[in-house]
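Shown next, in structure tokens, is the structure this report addresses.
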Amino acid sequence: MTTTQHSPTAAASGASATEAFRTARGDGEGQVTSERIADVVQAVLAGVHEAIRAKQVSYAEFQAAKQWLIEVGEGGEWPLFLDVFVEHVVEEVTAQRQHGTKGSILGPYYLPDQRKLPSVATLPMRPDEKGTPLALSGQVRDLEGNPIPGAELDIWHADDDGYYSGFAPHLPEGNLRGVVVADGDGRFEVTTVKPAPYQIPTDGPTGKLIEAAGWHPWRPAHLHLIVRASGHRQITTQLYFEGGEWLEDDVAQATKPELVLNPRPDGEGKLRAEYDFVLEPHDS
Ligand code: MBD
Ligand code: FE
């Protein structure tokens, strides 16, 4: 079977991402005052107006932009587009006031309520799951270096073809997703397979824009994690792979040098990587 035969379409994954956002948005809920709306939206519009003047945008270009915006909505690609091109700056602003392990963007493919797993565990996967086995082990600690017993690592990532379960119809529900509960010493060891780099679907409006602009549609291979423990601020982050393709040129600009794993082969066909997480107290 060729990859194309079971490739999820952009529209299918876009619609799923929109649905996932509606049913379970993570951080970011809360009141937005009318003063704040006026202030921020005015600044956004002023930026657009200035770009139109600076670039001398024509009516033909304005209509093409309108057509494209309509298609992004119809394809359900607003979560994809915004998370790829905008979220990294919101994360950057948020991170200015944070301590502990560096965060990164959530992205469009988080799904809550995945299977809870013990501290030493293998993520749910197909019996014939392709890819290099990868074990990630480490410890969750507080800012003083004390272990945090029972901390949760909510993990999700793409498979060896770059697809996410829940957003690609050919994948079983919950594939390569799980919530690993650290032991009494905050330690964990989760086995999975190394994800492939992620390619923005080329058949949807976001992919078409990228192609028309002559950019590339790739994110480096990455693991997504939300690390949480009661009394502590949860960390949304991603881990990358040393030397991986697109690491220095992520379309979503979401990499940080502190978030790069250096996995070593264990001599038995498995890669082993270590990463320790540091959580700060809640509301600090
Ligand atoms: C991804 O897998 C991702 O992590 C982000 C941020 C955007 C699109 C796809
Ligand atoms: Fe991702």
Condition (residue is part of a strand (DSSP E or B), surrounded by fewer than 21 Cβ atoms within 10 Å (Cβ to Cβ), in contact with a Ser or Thr (Cβ under 8 Å, 6 or more places away or on another chain) and at pLDDT 95 or above) applied to the stretch 227-243: is it met by at least one residue?
yes
Just to be sure, is L80 surrounded by 10 or more Cβ atoms within 10 Å (Cβ to Cβ) and assigned to a loop (DSSP other than H, G, I, E, B)?
no
Got a sec? Which of G131, G145 is under 21 Å from R264 (Cβ atoms) and not in a strand (DSSP E or B)?
G131
Kindly list, by first and then second residue, each pair from a residue in the stretch 89-114 that is more than 24 Å from Y164 (Cα to Cα) to a residue that is part of a loop (DSSP other than H, G, I, E, B) and within 16 Å of ligand 2 (Cβ to nearest atom), limited to pairs with Cβ atoms under 7 Å and residues at least 6 apart or on different chains.
A95/G103
Evaluate the following for K116: is it more than 16 Å from ligand 2 (Cβ to nearest atom) and touching a helix residue (DSSP H, G or I) at 6+ places or on another chain (Cβ under 8 Å)?
no
Going by the conditions given, is G75 under 18 Å from P217 (Cα atoms), more than 16 Å from ligand 2 (Cβ to nearest atom) and within 20 Å of the chain's Cα centre (by Cα)?
yes
Name every residue in the stretch 273-284 that is surrounded by 18 or more Cβ atoms within 10 Å (Cβ to Cβ) and in a strand (DSSP E or B), in order of residue number.
A273, F277, V278, L279
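For (1) within 16 Å of ligand 1 (Cβ to nearest atom); (2) buried (at least 22 other Cβ atoms within 10 Å of the Cβ); (3) without any contact (Cβ under 8 Å) to a residue 24 or more places away in the chain; (4) not hydrophobic (A, V, I, L, M, F, W, C), each residue gets a yes or a no:
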| position | (1), (2), (3), (4) |
| --- | --- |
| T122 | no, no, no, yes |
| L136 | no, yes, no, no |
| P149 | no, no, no, yes |
| D159 | yes, yes, no, yes |
| L176 | yes, yes, no, no |
| E189 | no, no, no, yes |
| T202 | yes, no, no, yes |
| T206 | yes, yes, no, yes |
Going through the stretch 232-284 in order, the residues found to be small (G, A, S) and within 16 Å of ligand 2 (Cβ to nearest atom) are G244, A252, A254
Taking into account only those residues within the stretch 44-77 that are closer than 30 Å to Q234 by Cα and not β-branched (V, I, T), which is surrounded by the most Cβ atoms within 10 Å (Cβ to Cβ)?
E77
Scope the stretch 1-33; condition at pLDDT below 85, closer than 24 Å to Q234 by Cβ and part of a loop (DSSP other than H, G, I, E, B); matching residues
A24, R25, G26, D27, G28, E29, G30, Q31
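The values are calculated or read from the model by the stated rules, or taken from the named source; none is laboratory data. Because the structure is predicted, anything quoted here is derived from the model rather than measured. A quick note on method: Cβ atoms are made from the backbone with ideal geometry, for glycine too, and the neighbour counts reach across all protein chains shown.
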